[in-house]
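Before any comments, here is the structure.
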Amino acid sequence: MNNQASFIIPEWPAPLNIGAAMTLRAGGVSGYPYNSLNPATHVGDDPLAVAQNRHIINTLLALPSSPIWLEQVHSNYVVESLQTPVLQQADASFTGQVGVVCAVLTADCLPILICSADGLQVAAIHAGWKGLLAGIITNTLMALQSSSRQSIKSTSYLAWMGAAIGPKCFEVGAEVREAFIKKKSLNASAFEQISEDKWLVDIYELARIELVDLNVIDVYGGYGCTFSEQERYYSYRRDIQTGRMASLIWRKS
């Protein structure tokens, strides 16, 4: 893991032409309670500060172009990353184009970055529990398959999971657990009971289960806790009014 104050560079054996990063909360210009590197426009932060933070991110990471931001709605919608006058409503985006930056914003939900082993495709996923349950990972892999005209099983993909709320802090009701077990019985391994109707859930494990089921065996990252590591990460569950981290991926060539 890169220890620079403003971002993490994934440790994964992605092709050399793949760029990827996850921003942290330090190194920007936003004031309280967004301090400081908040790139999200929808959380009530000063728009001028957000614009400056986005410029800082572009510069720090030497991005080839400004990221394609999404209007995230905790869905299973996947879109191709395109510059449009309005935000595309989706929770994952993909591209095969050089220099196009896919991006998602999170503050407890799980960001997942995906690339094909040949370095020709990339995708960014915003995976909260609702999106995971609805199949956002599966839909993203299907979109990549469709765009490459190859099957998931014949194309090798790598996945990197950025920081999310940790398994000792993510509390859900029994109905959430039941829904995931109904979807796939193996999901029961991601839940730990703490009271009659409350469970802790490991969102990293839920994502790993689905990725492996889709034949994505090379899965990296999946550590840290946005809720408990306040100096490093934004957390919606902890602070409610707060900023977001950006997870970004792109083809350099």
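Against the condition farther than 19 Å from ASP108 by Cβ and assigned to a loop (DSSP other than H, G, I, E, B), how does SER189 come out, does it pass? Lay out the reasoning, then the answer.
Numbers: farther than 19 Å from ASP108 by Cβ: yes; assigned to a loop (DSSP other than H, G, I, E, B): no.
Answer is no for this residue.
Suppose we keep only residues that are in a strand (DSSP E or B) and more than 15 Å from the chain's Cα centre (by Cα) within segment 77-130. Which one would you say is surrounded by the most Cβ atoms within 10 Å (Cβ to Cβ)?
Keep residues of segment 77-130 that are in a strand (DSSP E or B), which gives 78-80, 88-89, 92-95, 98, 101-106, 110-116, 122-127.
Now drop any that are not more than 15 Å from the chain's Cα centre (by Cα), which leaves 80, 88-89, 95, 98, 116.
Working: GLU80: 17, GLN88: 18, GLN89: 12, THR95: 23, VAL98: 13, SER116: 20.
Step by step, filter segment 77-130, then rank; the result is THR95.
What number of residues within segment 125-166 satisfy the criterion of being among the small types (Gly, Ala, Ser), within 23 Å of GLU205 (Cβ to Cβ) and modelled with pLDDT of 95 or more?
First, the residues of segment 125-166 that are among the small types (Gly, Ala, Ser): 127-128, 131, 134-135, 143, 146-148, 151, 154, 156, 159, 162-164, 166.
Those still in the list that are within 23 Å of GLU205 (Cβ to Cβ) too: 127-128, 131, 134-135, 156, 159, 162-164, 166.
Going one step further and asking which of them are modelled with pLDDT of 95 or more, we end up with 127-128, 131, 134-135, 159, 162-164, 166.
Of the residues in segment 125-166, 10 are among the small types (Gly, Ala, Ser), within 23 Å of GLU205 (Cβ to Cβ) and modelled with pLDDT of 95 or more.
For residues that are part of a loop (DSSP other than H, G, I, E, B), touching a residue at least 40 places away in the same chain (Cβ under 8 Å) and among the hydrophobic types (A, V, I, L, M, F, W, C), scanning just segment 2-46, find the one that is surrounded by the most Cβ atoms within 10 Å (Cβ to Cβ).
LEU37
State yes or no: is ALA143 touching an Asp or Glu at 6+ places or on another chain (Cβ under 8 Å), touching a residue at least 12 places away in the same chain (Cβ under 8 Å) and part of a helix (DSSP H, G or I)? It would help to see each step written out before you state the result.
On the way: touching an Asp or Glu at 6+ places or on another chain (Cβ under 8 Å): yes; touching a residue at least 12 places away in the same chain (Cβ under 8 Å): yes; part of a helix (DSSP H, G or I): yes.
Taking the combined requirement at face value, the residue satisfies it.
Table: residues versus (1) farther than 13 Å from PRO167 by Cα; (2) over 17 Å from the mean Cα position of the chain (by Cα); (3) not hydroxyl-bearing (Ser, Thr, Tyr).
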residue: SER185; (1), (2), (3): yes, yes, no
residue: SER189; (1), (2), (3): no, yes, no
residue: ASP197; (1), (2), (3): yes, yes, yes
residue: SER228; (1), (2), (3): no, yes, no
residue: ARG232; (1), (2), (3): yes, no, yes
residue: MET245; (1), (2), (3): yes, no, yes
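The values are calculated or read from the model by the stated rules, or taken from the named source; none is laboratory data. Keep in mind that what you see is a predicted model, and the values were worked out from it rather than measured. With ideal geometry, Cβ positions are generated from the backbone for all residues, glycine too; neighbour counts draw on all protein chains shown.
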